[in-house]
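Enquirer: Can you keep this structure in mind? I'll have questions shortly.
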């Protein structure tokens, strides 16, 4: 088999793999509706995080009821010490009314004061 044929086959295979990976990532990504937050409660900076001088971003996926309350939240990323404080704060948030339940992505930034 000529060398250019092998190169062409390898290139075609790599494009196919890359396309499959992009499609797979899109399917895993939750739908972001951008629902407006009516009431936001700031998270309490944990004492342990303050002693360790921790900072960073916690990313959550929040299931919001049609009435605007946080039904549940899942940590998508961030320091576990900060994640509990983020989930607690978001559980008190209120969103505007909507026709149905939505999934929202929320990012909370933590920095020592």
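Enquirer: If you take the residues of the range 51-62 that are surrounded by 13 or more Cβ atoms within 10 Å (Cβ to Cβ) and under 20 Å from residue 113 (Cα atoms), which of them is farthest from the chain's Cα centre (by Cα)?
Expert: Filtering the range 51-62 for residues that are surrounded by 13 or more Cβ atoms within 10 Å (Cβ to Cβ) and under 20 Å from residue 113 (Cα atoms), the one farthest from the chain's Cα centre (by Cα) comes out as 54.
Enquirer: Here are the criteria: (1) farther than 28 Å from residue 111 by Cβ; (2) modelled with pLDDT of 95 or more; (3) part of a helix (DSSP H, G or I). Tell me which single one residue 4 does not satisfy.
Expert: Against the list (1) farther than 28 Å from residue 111 by Cβ; (2) modelled with pLDDT of 95 or more; (3) part of a helix (DSSP H, G or I), residue 4 comes up short only on (2).
Enquirer: In the same structural domain as residue 44 (by TED's automatic domain parsing), in contact (Cβ under 8 Å) with a residue 12 or more places away in the chain and part of a helix (DSSP H, G or I) - does that describe any residue in the range 75-82?
Expert: The answer is yes, given that some residue of the range 75-82 is in the same structural domain as residue 44 (by TED's automatic domain parsing), in contact (Cβ under 8 Å) with a residue 12 or more places away in the chain and part of a helix (DSSP H, G or I).
Enquirer: Next question. Filter the range 86-101 for residues that are over 14 Å from the mean Cα position of the chain (by Cα) and surrounded by 19 or more Cβ atoms within 10 Å (Cβ to Cβ) and give the result.
Expert: Scanning the range 86-101 gives 89, 93, 95.
The values are calculated or read from the model by the stated rules, or taken from the named source; none is laboratory data. Please read all numbers here as calculations on a predicted model, not as lab measurements. We place every Cβ from the backbone using ideal geometry, glycine too, and count neighbours over all the protein chains shown.
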